[in-house]
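Trainee: One structure is given below, represented as structure tokens, and several questions about it will come after.
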Amino acid sequence: MTTDQSLESAATAAASGANATDHFIHDKSPYDAVRDTPKERVDLLAREVLDAVHATIRKHKVTYDEYNALKAWLIQVGQDGEWPLFLDVWVEHVVEDVATEHREGNKGSIEGPYYVPDAPEQGATGSVPMREGEGGTPLTWTGTVTSTDGTPLDGAKVELWHADADGFYSQFAPDIPEWNLRGSFTLGADGAFEIHTVQPAPYQIPTDGSCGKLIAAAGWHAWRPAHLHVKVSAPGHELLTAQLYFPGDEHNDDDIASAVKPELILDPKPAGDEATVEYSFVLDPVRG
Ligand code: MBD
Ligand code: FE
């Protein structure tokens, strides 16, 4: 780790992790929603997770050396600020499945560590903010937001955020304009949108922090397929958090974050040096 290039990427990974931790604590109030959780449920969940850890230790005769390495690594995850990355890559997809299994509308996917609320508003037709000469194939995306009964959702909002062609997210990597490739699109009575952006590239999670250390030690890879992140909301409807993917990406079947679903793979049409795509969202009304 002595070349300029590796120092630069180390700084980037460390900053991404620490920034994700700051954003998580600042943007959400994670404890508020669970204030009334009964002791019995905390006891049940904590005990069963610990039981599973104990069973793994017994089954595989985990040694003191391995226990100490685990302890050092867990400490490092916190020091690196990589808990959001670790949890969103290896745990969130199951939480998301359970949370949305009742839905009749759109399939969702995980939020991941790099969402920022209140991206600049662009109206129903517009472009995400981008730099002059932003890398990646220009993409024009049209679609609608409807309820499960087919009604267009007046006032629906599509929030879009994604990495640039080098795999970096604004506000989490240095030297990118604050809202680059992040926009909010609020729709009219027809529930229709037309969004201009660029196609992102396959994405490697930071490899030079503690998550990278686990990946290397286990002989895994660090790749996610190229993806667009969205949150789609409308009055009286459940918030949809999803990701959209591109056909033919070699990591669609092999995503480190296990977050690809076949319903979320786009079907873009090349148009000269650009591409167009149609993809619409169906939201579930809030029931009860
Ligand atoms: C990402 O861009 C992402 O979407 C997830 C889930 C984890 C790490 C980086
Ligand atoms: Fe992402």
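The values are calculated or read from the model by the stated rules, or taken from the named source; none is laboratory data. This one's a predicted model, so the numbers in the text were calculated from it and none came from an experiment. Here Cβ is always computed from backbone atoms with ideal geometry, including for glycine, and neighbour counts include all displayed protein chains. The accessibility values were calculated without ligands, DNA or RNA, using every heavy atom of the protein model including side chains. Shrake-Rupley method; radii C 1.70, N 1.55, O 1.52, S 1.80 Å.
Trainee: Between D118 and H26, 0.36 nm times their residue separation minus their Cα-Cα distance comes to what? Show your work: numbers first, answer last.
Mentor: On the way: separation 92, 0.36 × 92 = 33.12 nm, distance 1.35 nm.
My answer for the length gained is 31.8 nm.
Trainee: Additional query: At 7 Å along the Cα-to-beta-carbon direction for both D97 and V42, put a label point, then send me their distance in nm to one decimal.
Mentor: According to this spin-label approximation, the distance is 2.9 nm.
Trainee: Give me, ordered by chain and number, the residues 5 or more places off G167 or on other chains with an amide H under 5 Å from its own placed amide H.
Mentor: Under 5 Å from the amide H of G167: A201.
Trainee: According to a simple spin-label model (label point 7 Å from Cα along Cα-to-Cβ), what is the distance in nm between V286 and R35?
Mentor: 1.8
Trainee: With unit charges on the beta carbons (Lys and Arg positive, Asp and Glu negative) and the dipole taken about the Cα centre of segment 72-133, which residue among G108, V91, G78 sits farthest to the positive side?
Mentor: With unit charges placed on the Cβ atoms, the residue in question is G108.
Trainee: Continuing with the same structure: Between H54 and W73, what length in nm is gained on full extension when 0.36 nm per residue of separation is reduced by their alpha carbon distance? Let's see the in-between values first.
Mentor: Numbers: separation 19, 0.36 × 19 = 6.84 nm, distance 1.82 nm.
Difference between extended and current length: 5.0 nm.
Trainee: Taking Rh as the Kirkwood radius, which is the inverse of the mean 1/r over Cα pairs, what is the Rg/Rh value for segment 238-288?
Mentor: 1.07
Trainee: Using the membrane-span-like helix rule (whole DSSP H runs, Cα extent along the own axis of at least 18 Å, mean Kyte-Doolittle hydropathy at least -0.5), which helices of the chain qualify? Kindly include the intermediate steps, with their values, before the conclusion.
Mentor: Details: long enough: 4-27 (33 Å, -0.33); 39-60 (32 Å, -0.39); 64-80 (24 Å, -0.52).
Helices meeting the span and hydropathy rule in the chain are 4-27, 39-60.
Trainee: Please give the per residue accessible area of the chain, computed with a probe of 1.4 Å over protein heavy atoms only, in Å².
Mentor: Details: 15780 Å² over 288 residues.
About 55 Å² of surface per residue is accessible.
Trainee: Follow-up question, since we're still on this one. Normalised by the number of residues in segment 3-283, what is the relative contact order in percent for Cα pairs under 8 Å and 6+ residues apart? The partial results should precede the final answer.
Mentor: On the way: 507 pairs, mean separation 63.2, N = 281.
Relative contact order here is 22 percent.
Trainee: How long are the semi-axes of the equivalent ellipsoid of the chain, defined as square roots of 5 times the Cα gyration tensor eigenvalues? Whole Å, largest first.
Mentor: Details: eigenvalues 228, 130, 60 Å².
Equivalent ellipsoid semi-axes, largest first: 34, 26, 17 Å.
Trainee: Work out the charge dipole of the chain with +1 on the Cβ of Lys and Arg and -1 on the Cβ of Asp and Glu about the Cα centre, then indicate which of H196, G212, N19 is farthest towards its positive end.
Mentor: So the residue we want is G212.
Trainee: Residue by residue through segment 272-288, what is 3J(HN,Hα) from phi via Karplus (6.51 cos²θ - 1.76 cosθ + 1.60, θ = phi - 60°)? Round to whole Hz and write x for glycine and proline.
Mentor: Along segment 272-288, the couplings run x, 8, 10, 8, 10, 8, 10, 7, 10, 10, 10, 9, 7, x, 5, 9, x Hz.
Trainee: Now, a different point. If a paramagnetic tag sat 7 Å from the Cα of E178 along the Cα-Cβ line, which residues of segment 104-122 would have the backbone N under 19 Å from that point?
Mentor: Label zone hits: 114-122.
Trainee: Here's another thing I want to ask about it. Provide the packing ranking of 147-156, 17-26, 40-49, i.e. peptides ordered by the mean count of other C-beta atoms within 10 Å per residue, highest first.
Mentor: 17-26, 147-156, 40-49
Trainee: I've got another one for you. Quick one: work out the % antiparallel among DSSP beta bridges in segment 3-283, nearest 5.
Mentor: Details: 29 of 41 bridges.
Rounded to the nearest five, the antiparallel share is 70 percent.
Trainee: May I pose another question? Only four residue types carry charge here, +1 at the Cβ of Lys and Arg and -1 at the Cβ of Asp and Glu. Report the dipole size of segment 186-277 about the Cα centre in Debye, rounded to the nearest 20.
Mentor: The calculated dipole for segment 186-277 is roughly 320 debye.
Trainee: Only Lys, Arg, Asp and Glu count, each charged at its Cβ (+1, +1, -1, -1), so figure out the dipole size of segment 3-283 about its Cα centre, rounded to 20 debye. Walk me through the intermediate numbers first.
Mentor: Values: 19 positive and 46 negative charges, 185 e Å.
Value, rounded to 20: 880 debye.
Trainee: While we're looking at this one, here's another question. When ranked by the protection proxy of mean other Cβ atoms within 10 Å per residue, highest first, what sequence do the peptides 159-167, 224-232, 95-103 form?
Mentor: The peptides rank, most packed first, as 224-232, 159-167, 95-103.
Trainee: Right, next: For the chain, set up a Gaussian network in which alpha carbons nearer than 10 Å are linked by springs, and say which option among P38, P262, P138 fluctuates the most.
Mentor: P38
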